[in-house]
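Structure first, then comments.
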Amino acid sequence: MDVKSMDRRHFIRITGIAGILAARQAPAFAQGSKVHWVRWVDFIPESDVELKRQMPEASKALGAEVVFETINANDLQPRITAAVQSGSGADIFNFQYNWPHLYQNAVIDVGDVVTDVSKGEGGLYGVWQPSCQVNGKWLSVPHSIVGNAVAYRRSWLKEAGASQYPKTWDEARKLFAGMKKKGKPYGQTLGHTFGDAPVFTYTMLWAHGGAETDKSGKKVVLNSKGTLESVKFMQAFWKECCDEGGLAWDDTNNNRAFHAGEISATLNGASIYIVAKRQKDKIKDEKGEPLWQDIDHAPLPAGPAGAFLLFLNQSHAVMKYSKNPKLAKDLLRWVHKPENYGKWFATQEGYSVGASKKWEDDPMWGKLDDPLKMFRTAARNTRLFGYAGPSTAKATEGFTKYVITDMYAKAVQGMKAEDAVKWAEGELKKIYEG
């Protein structure tokens, strides 16, 4: 029917239908009332599904459009840097570790949001202040902490004569040397990837008594007996015990290798176990049984100086160039409301813990399998890189440039341990003393 032949009654009828359809659509937001949030792709896929499900609710509550985007964690820093340089991009970025120190001139003070979150949760874990507070100002809002542990095949270790996971690195070396000969090596990355490599290498350094700087954070003390011993140990452990293809792995390769039965143990968060259980019909062991039933967790072993932890703390920062800083803060407040955060937290099943001890008492922990319960108090005691000095932009720069990880990577690829330590010492001096 063309316009000329359309009678008045038909016109009213079809325009009325169009009006009804328009009324059913989401409300048109005022121009400029839009907030863009970028987070990592979570290792627990169901958690991203939950956040995406929540965003229309957030849009409605805030009266603004919320754009939620996830990207690979290793792409976060390049994306943030590009946004800062161009003065445009997402309003809120997922920060890790103590990145607020690195980007302190590019983000706004979010102390009012942190105060609200802290009050609602009865105080925050100790790791947050040195990570997110710079010169007395909170530059990111604490969100969650990914604990880590060694995921291992219980039955394989038992077959090798171990009734439990080794308590020391020397015991681990003996055990996994034998297991590698049977085609069941330890799996570890020494690549440029945000989680598994630095967590493994920094804690290895500390376990042998090594440190990047003295307590002042101004003097590099890396070139020490303890550091040299740790590098020599790693050279031997790598050759005797590890899947040597792991050198270039990122944080996903060891998960896949473990699920495929190619490695016997690996440092990871709880995701290997959780994904194996959720995909029990797909991820099976060599006998065709669900693999998750044979997975357990243990803390990293101790070295001569003890055993130490380095966990991945996640926060959110509001960028200075944002045209809607108040709206961005309001979104973070909404995300942290217990009824919203709690739904996300439940999907994590212990992979991430909350920003405060309040979440240690969440009913979720009572429903979890025993191998996951060790993550409950994971955030209470974790060191930060830069040790023994304070958490600073320089410490973050050393981490971002993978100086400590590369020290070990160079050594396992054939560089003399002494030369690898001297190289790393030189790189740290450029950062701290240059």
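The values are calculated or read from the model by the stated rules, or taken from the named source; none is laboratory data. Not measured: the values here are computed from a predicted model. Because the Cβ atoms are built from the backbone with ideal geometry, glycine has one as well, and the counts that use them run over all protein chains shown. We work out accessible area using only protein heavy atoms, side chains counted, and drop any ligands, DNA or RNA first. Shrake-Rupley method; radii C 1.70, N 1.55, O 1.52, S 1.80 Å.
I'd like to check something: does the stretch 328-339 contain any residue that is over 30 Å from V67 (Cβ atoms) and of a type outside the set (A, V, I, L, M)? No. Considering the stretch 376-399, the residues that are assigned to a helix (DSSP H, G or I) and modelled with pLDDT under 90 include one that is surrounded by the most Cβ atoms within 10 Å (Cβ to Cβ), namely A379. Taking the listed residues Q314, Q293, the one that is among the polar types (S, T, N, Q) and within 23 Å of L175 (Cβ to Cβ) is Q293, with no other qualifying.
Picking from residues in the stretch 44-87 that are more than 23 Å from V113 (Cα to Cα) and part of a loop (DSSP other than H, G, I, E, B), the one that is least open to solvent (accessible area, probe 1.4 Å) is I44.
For the stretch 256-293, the set of residues classified as in a helix (DSSP H, G or I) and closer than 19 Å to L368 by Cβ consists of S271, I272, Y273, I274, V275, A276, K277, R278, L291, W292, Q293, listed by residue number. Quick one: count up the residues across the stretch 240-252 that are buried (at least 20 other Cβ atoms within 10 Å of the Cβ), out of contact with any Gly (no Cβ under 6 Å at 6 or more places or on another chain) and part of a helix (DSSP H, G or I). Summing the residues that are buried (at least 20 other Cβ atoms within 10 Å of the Cβ), out of contact with any Gly (no Cβ under 6 Å at 6 or more places or on another chain) and part of a helix (DSSP H, G or I) in the stretch 240-252 gives 1. Whenever a residue of the stretch 223-245 is under 14 Å from E425 (Cβ atoms), its partners that are of a type in the set (D, E) and surrounded by 18 or more Cβ atoms within 10 Å (Cβ to Cβ), lying with C-beta atoms within less than 8 angstrom and at least six residues away or across chains, give the pairs N223/E425.
Residues checked against (1) aromatic (F, W, Y); (2) at pLDDT below 95; (3) over 26 Å from K326 (Cβ atoms):
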{"position": "S33", "(1), (2), (3)": "no, yes, no"}
{"position": "S47", "(1), (2), (3)": "no, no, yes"}
{"position": "K52", "(1), (2), (3)": "no, no, no"}
{"position": "M55", "(1), (2), (3)": "no, no, no"}
{"position": "V67", "(1), (2), (3)": "no, no, no"}
{"position": "A82", "(1), (2), (3)": "no, no, no"}
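Counting only residues that are in contact (Cβ under 8 Å) with a residue 40 or more places away in the chain and assigned to a helix (DSSP H, G or I), the stretch 360-374 holds 3 of them.
In the stretch 220-239, of all residues being among the small types (G, A, S) and either modelled with pLDDT under 95 or in a helix (DSSP H, G or I) (or both), the one that is surrounded by the most Cβ atoms within 10 Å (Cβ to Cβ) corresponds to S230.
Looking at the structure I just gave you, is T400 under 30 Å from F345 (Cβ atoms) and not charged (D, E, K, R)? For T400, the condition - under 30 Å from F345 (Cβ atoms) and not charged (D, E, K, R) - is met. The single residue among D294, D285, D251, D281 that is touching a strand residue (DSSP E or B) at 6+ places or on another chain (Cβ under 6 Å) and of a type in the set (D, E, K, R) turns out to be D294. Of the residues A211, A177, which single one is of a type in the set (G, A, S), surrounded by fewer than 22 Cβ atoms within 10 Å (Cβ to Cβ) and not in a loop (DSSP other than H, G, I, E, B)? Just a single option satisfies the conditions, and that option is A177. Once the stretch 148-174 is narrowed to residues that are open to solvent by 20 Å² or more (accessible area, probe 1.4 Å) and in a helix (DSSP H, G or I), the residue that is farthest from N381 (Cα to Cα) is E159. Looking at the stretch 88-122 only, could you name the residues that are open to solvent by 40 Å² or more (accessible area, probe 1.4 Å) and among the β-branched types (V, I, T)? Listed by number, the list holds a single entry, T115. Can you name every residue in the stretch 336-368 that is aliphatic (A, V, I, L, M) and buried (at least 22 other Cβ atoms within 10 Å of the Cβ)? Correct list: V353, A355.
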